[in-house]
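Every read-out reported here was derived from the displayed coordinates using simple, explicitly stated rules and does not represent laboratory data. All of these numbers come straight from a predicted model, not from anything done at the bench. Cβ sites come from the backbone with ideal geometry, for glycine too, and all protein chains shown count toward neighbours.
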Amino acid sequence: MKAIVFALTALWASALFAQAPAPPAEHAAHLQKLATLLDLTDAQKTQVQAVLQEEHARMRAAHEQAMVSGTQPDLQQMQALHQQIKQETLQKLTPVLSAEQLKKFQTLQEMHGEMMHHFRHGGPPGTAPPPAQN
C-alpha cells in the first residue's frame, strides 16, 4: 500500500507543482489511481475530478498571482491559502465520498503533504538531508 501511495503522491506532486501543466494523459492516470485507491464509482470519478481540477486551478492561480506581483510572497500566507483551499476541497468532497473514502483521501493528502515537505527539505521520507557543501 505504501508503494502505491508513494507513486500516487509523486504523481500528484508533479501534477500540482510542475512548471508546465501536466499532460491530459498524466491527469487521467492520476485520477485512475485515485479512483482505484478510493474505489470510486463512475459518478464519483466525475465529481472528484471536477473538484480536484478546481483545487488545482485555484492553487496555480495563487502561485501565478504571487509571481506576477513582483514581490516575494510570504510563505506563511501561501501555506495558509493552500490549507484553506484544501479544506474547501474536503468540504466539497464530503457529500460525494463515503466516510471511509473520505478518510482514505485525507490520509493520502497528509502523506502527500509530508512527501512534499521532505522533497523540499532534502529528499524522500526517511532520508537525511544532504550535507552542506562549502
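Length gained on full extension, residue 65 to residue 100: 9.0 nm, using 0.36 nm per residue less the C-alpha separation.
Using a Förster distance of 30 angstrom, determine the FRET efficiency expected from the C-beta separation of residue 36 and residue 58, and round it to 0.05. Once the sixth-power term is evaluated, E becomes 0.75.
Here the Kirkwood formula puts the hydrodynamic radius of segment 61-114 at 12.8 Å, using every distinct Cα pair. Computed extension length for residue 87-residue 29: 18.5 nm, one decimal, from 0.36 nm per residue of separation with the Cα-Cα distance subtracted.
Computed extension length for residue 114-residue 74: 12.4 nm, one decimal, from 0.36 nm per residue of separation with the Cα-Cα distance subtracted.
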